[in-house]
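Colleague: Here it is, the structure in full.
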There are 2 protein chains.
Amino acid sequence: MNDFPIENLPYGAFSRDGSVHLGVAFDERIFDLHAASRSGAFHDVCEPGVLEAENLNPLLAQGPHVWAAVRARVRSMLGAPVDAELFVERAAASMRMPVAVADYVDFYSSEQHARNLGKIFRPGSEPLLPNWKWMPIGYHGRSGTIVVSGTPIRRPSGQRKAPDAERPDFGPSTMLDIELELGFVTGDDAIFGLVLVNDWSARDIQAWEYQPLGPFLGKSFATTISPWVVPLDALAAFRVRPAPQDPVPPSYLQIEDDFALDVALDVRLQSEEMRVAGMAPAVISQTNARNVYWTMRQQLAHVRSNGTRIRAGDLFASGTISGSEPTSYGSLIELTWRGTKPIRLPNGESRAFLEDGDEVTLTGRCDRNGVRLGFGCCSGRIEP
Amino acid sequence: MNDFPIENLPYGAFSRDGSVHLGVAFDERIFDLHAASRSGAFHDVCEPGVLEAENLNPLLAQGPHVWAAVRARVRSMLGAPVDAELFVERAAASMRMPVAVADYVDFYSSEQHARNLGKIFRPGSEPLLPNWKWMPIGYHGRSGTIVVSGTPIRRPSGQRKAPDAERPDFGPSTMLDIELELGFVTGDDAIFGLVLVNDWSARDIQAWEYQPLGPFLGKSFATTISPWVVPLDALAAFRVRPAPQDPVPPSYLQIEDDFALDVALDVRLQSEEMRVAGMAPAVISQTNARNVYWTMRQQLAHVRSNGTRIRAGDLFASGTISGSEPTSYGSLIELTWRGTKPIRLPNGESRAFLEDGDEVTLTGRCDRNGVRLGFGCCSGRIEP
């Protein structure tokens, strides 16, 4: 399947001629927005600095009217013959961070995930805390360690303490995990577009440190995002009715015409041994973004409810997206139930958590009402 | 006392002629670094873009050698007659954010504060959680809502739930609080300088939302910093031996020649009624930064221990600094024991938490070995 038909046209940043250009993915190529802007193609739509920047932040700051105008112009240009100089091959391109992330918020909006982690981290007590169904629970993550797909992930070290140990020890994490998420970037108060997010997590570090102030070094070492920001406009055909909410949330979270998105999500894992043997990555989880309890608009309304200003370039991630079936859980700690039920890979290896050399790839695609598009890949390989 | 003698020379940003200039506070004036740089005074020390920027970030990125060279040059210039055009009156200046804050980490490093909050938020259980003495507990805050002293603080709304209520309600916080903190800004891996930090906190919102992922909207609406960044170099005379730590922390937190800082800290409150009556602000707390259990270098070593890259412009705050006496607690929730022991103001008003119109001012000063200097003010006034 082609992730990037004319209906998609996601934005990214790539290296060209020693500098970073903005571009739009279209089939197997990248339309060079920087070069097109220099040729005057957007002179009546926005200032040259917007599309000739090294990331999307200046475009994000323009707001929805300019976003729509740029998208319409790109779409009409790509519907007609275009100078070949304005394209590069996507397969050969080196992608960069599409956005200079301002603040990064990570939510916890999948009910199944929250229940699973409650059971695992707080066995014997009610898995869902009393506040969970009243508001989208979230926390701030570290924006300075968000990296683009393909960046190697170094296994973090940290403190961890076995329940029966007298004191913690310090060393490389032995419970390195993924989190399958979907995130959105904003221009001030509006949602611009979406990316896949892998919120790498060291469960042993997290378990020891997280009370009472939440996850910190168990998450801060790295977060990977996919290089292509899929415009919210491109996803109109995939809006579905959000799951009913019981109890009815407070009025500031009751949003008219709210929507969930029907995005099928996969997690693939390829071990070092599989790669050497030329074996394809194995699918270890399949789920769907419509499983998320709190919608993107509710998340944004919640963050703004205390008067907080949203900036161009803020990133909001859904939290791990887990479905109701064990094969649809979005993290290894859930898939292997804290390592007690290891996953079997096709070459006979088993996995409780990630080993050095493992490469994890998230993908997302939409297929509905005759329209098909995808999110590209969000990959990272573990280094010792 | 003069906060800004020649031994201090803190950096800030201020408005001049319609743009933002960097400057150095010296006695009652500001030495205009931007103007001095344009006149060529630093041509052999750093590129013109560094001191002619609108914030300290380019200087922070230069690292300690350039910091020392700039400081030495400023000091030698101010020891001789200087063109009056290079000064503005400090009292008339409009101060701006000295730093574009990249990531903001807030620690929880005062033992007395952690014990007090444990008793208040988790009555009946051990106040200090098992991890507290093994590592500096912290979390990421919102960098986009950090504001400079003098910026009005709007009372946040949010969800809160009384213990006996069946469901939460939404409305303006009735438990708006301060947190007296000292923070440091970094250039990559080194500490550049320090500011006062008021981490405004809505305790009712915080209490309902904070489990399991930590503080979020109860803190994210605003954090105020003082406008003058006091260079770590200026504080050499105020280094003191850190408090002994028991248990001995892991080796990555054992830092040779580590230090605490002897900085006397005050919190002052002036109500609307006091202001109208011309009454001076009342001191409501007095403490000292040497009371902090985890040092700045330990905090930085901890954040870096999982491989996290520190950026120029990152801000790390100590967490509320509380001493052992009830009059030395650094927040109202501790000073009034969650409102059960209201503070009496000199005009007869009482305070459990902040009322609209209240102005809170933090100050810090050092006086040791014949050297005296201060941090200026960190103020904010509550708006409805």
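The values are calculated or read from the model by the stated rules, or taken from the named source; none is laboratory data. Predicted model, so just to flag it, every value in this text is computed and none were measured. In this analysis, Cβ positions are derived from the backbone assuming ideal geometry, glycine residues included, and neighbour counts consider all displayed protein chains. With ligands, DNA and RNA removed, areas are computed over all heavy atoms of the protein, side chains included. Shrake-Rupley method; radii C 1.70, N 1.55, O 1.52, S 1.80 Å.
Colleague: Name the residue, out of A:Phe170, A:Phe121, that is of a type in the set (Phe, Trp, Tyr), in the same structural domain as A:Val360 (by TED's automatic domain parsing) and free of Cβ contacts under 8 Å to residues at least 40 places away in the same chain.
Modeller: Only one candidate qualifies: A:Phe170.
Colleague: For residues in segment A:123-165 being more than 10 Å from chain B (Cβ to nearest Cβ) and open to solvent by 70 Å² or more (accessible area, probe 1.4 Å), which is modelled with the highest pLDDT?
Modeller: A:Pro152
Colleague: Collect the residues in segment B:72-96 that are under 22 Å from the mean Cα position of the chain (by Cα) and under 21 Å from B:Pro5 (Cβ atoms), keeping them in residue-number order.
Modeller: Within segment B:72-96, B:Arg90, B:Ala91, B:Ala93, B:Met95 qualify.
Colleague: Kindly indicate the residue of segment A:78-112 that is over 30 Å from A:Lys133 (Cβ atoms) and open to solvent by less than 10 Å² (accessible area, probe 1.4 Å) and also nearest to the other protein chains (Cβ to nearest Cβ) among those meeting that condition.
Modeller: Only one residue tops the list, namely A:Val99.
Colleague: Hey, can you tell me all the residues within segment B:292-312 that are in a helix (DSSP H, G or I) and either within 13 Å of chain A (Cβ to nearest Cβ) or over 16 Å from the mean Cα position of the chain (by Cα) (or both)?
Modeller: B:Arg297, B:Gln298, B:Gln299, B:Leu300, B:Ala301, B:His302, B:Val303, B:Arg304
Colleague: Next up: Does B:Leu332 satisfy being closer than 22 Å to B:Arg154 by Cα, in contact with a Cys (Cβ under 8 Å, 6 or more places away or on another chain) and assigned by TED's automatic domain parsing to the domain that holds B:Ser201?
Modeller: no
Colleague: May I pose another question? Being of a type in the set (Gly, Ala, Ser) and either away from chain A (no Cβ under 11 Å) or in contact with a helix residue (DSSP H, G or I) (Cβ under 7 Å, 6 or more places away or on another chain) (or both) is the filter here, so list the residues in segment B:166-191 that pass it.
Modeller: Of everything in segment B:166-191, those that are of a type in the set (Gly, Ala, Ser) and either away from chain A (no Cβ under 11 Å) or in contact with a helix residue (DSSP H, G or I) (Cβ under 7 Å, 6 or more places away or on another chain) (or both) turn out to be B:Ser173, B:Gly183, B:Gly187, B:Ala190.
Colleague: Another one. Could you list all residues from segment A:252-274 that are part of a loop (DSSP other than H, G, I, E, B) and among the hydroxyl-bearing types (Ser, Thr, Tyr)?
Modeller: A:Ser271
Colleague: I've got another one for you. Within segment B:198-214, does at least one residue satisfy the condition of being assigned by TED's automatic domain parsing to the domain that holds B:Pro247, under 23 Å from B:Cys378 (Cβ atoms), open to solvent by 10 Å² or more (accessible area, probe 1.4 Å) and in contact with a Cys (Cβ under 9 Å, 6 or more places away or on another chain)?
Modeller: So far as segment B:198-214 goes, no, none of its residues is assigned by TED's automatic domain parsing to the domain that holds B:Pro247, under 23 Å from B:Cys378 (Cβ atoms), open to solvent by 10 Å² or more (accessible area, probe 1.4 Å) and in contact with a Cys (Cβ under 9 Å, 6 or more places away or on another chain).
Colleague: Need the failing condition index for A:Phe375 against (1) among the aromatic types (Phe, Trp, Tyr); (2) open to solvent by 10 Å² or more (accessible area, probe 1.4 Å); (3) closer than 27 Å to A:Phe4 by Cβ, just the number.
Modeller: Going through (1) among the aromatic types (Phe, Trp, Tyr); (2) open to solvent by 10 Å² or more (accessible area, probe 1.4 Å); (3) closer than 27 Å to A:Phe4 by Cβ one by one, A:Phe375 breaks only (2).
Colleague: Select, from A:Arg239, A:Arg275, the only residue that is basic (Lys, Arg), over 21 Å from A:Tyr104 (Cα atoms), in contact (Cβ under 8 Å) with a residue 24 or more places away in the chain and away from chain B (no Cβ under 14 Å).
Modeller: A:Arg275
Colleague: Residues that are assigned to a loop (DSSP other than H, G, I, E, B), modelled with pLDDT under 95 and surrounded by fewer than 23 Cβ atoms within 10 Å (Cβ to Cβ): does segment A:226-241 have at least one?
Modeller: No.
Colleague: So, one more: Restricting to segment A:275-291, give me the number of residues that are outside any strand (DSSP E or B) and open to solvent by 20 Å² or more (accessible area, probe 1.4 Å).
Modeller: 9
Colleague: Then there is this: Being outside any helix (DSSP H, G or I) and without any contact (Cβ under 8 Å) to a residue 12 or more places away in the chain, is that true of even one residue in segment A:93-110?
Modeller: No: segment A:93-110 contains no residue that is outside any helix (DSSP H, G or I) and without any contact (Cβ under 8 Å) to a residue 12 or more places away in the chain.
Colleague: Of B:Asp262, B:Asp246, B:Asp258, B:Asp314, which residue is crowded, with 20+ Cβ neighbours inside 10 Å and among the charged types (D, E, K, R)?
Modeller: After applying the criteria, what remains is B:Asp314.
Colleague: Right, here's the next one. Would you check if there is a residue in segment A:88-108 being touching a Gly at 6+ places or on another chain (Cβ under 9 Å), modelled with pLDDT under 95 and polar (S, T, N, Q)?
Modeller: No, every residue in segment A:88-108 fails to be touching a Gly at 6+ places or on another chain (Cβ under 9 Å), modelled with pLDDT under 95 and polar (S, T, N, Q).
Colleague: Of all residues in segment A:192-225 being under 20 Å from B:Gln211 (Cβ atoms) and in a loop (DSSP other than H, G, I, E, B), which is nearest to the other protein chains (Cβ to nearest Cβ)?
Modeller: So, considering only residues that are under 20 Å from B:Gln211 (Cβ atoms) and in a loop (DSSP other than H, G, I, E, B), the one nearest to the other protein chains (Cβ to nearest Cβ) is A:Gly214.
Colleague: Additional query: Looking at B:Phe170, is it assigned to a strand (DSSP E or B), open to solvent by 10 Å² or more (accessible area, probe 1.4 Å) and of a type in the set (Phe, Trp, Tyr)?
Modeller: yes
Colleague: A:Pro249 - would you say it is over 30 Å from B:Val105 (Cα atoms) and within 14 Å of chain B (Cβ to nearest Cβ)?
Modeller: Considered against the rule, which asks whether it is over 30 Å from B:Val105 (Cα atoms) and within 14 Å of chain B (Cβ to nearest Cβ), A:Pro249 comes out as yes.
Colleague: So is A:Val360 open to solvent by 10 Å² or more (accessible area, probe 1.4 Å) and under 23 Å from A:Asp3 (Cα atoms) or not?
Modeller: Details: open to solvent by 10 Å² or more (accessible area, probe 1.4 Å): no; under 23 Å from A:Asp3 (Cα atoms): yes.
When the stated conditions are applied, A:Val360 does not pass them.
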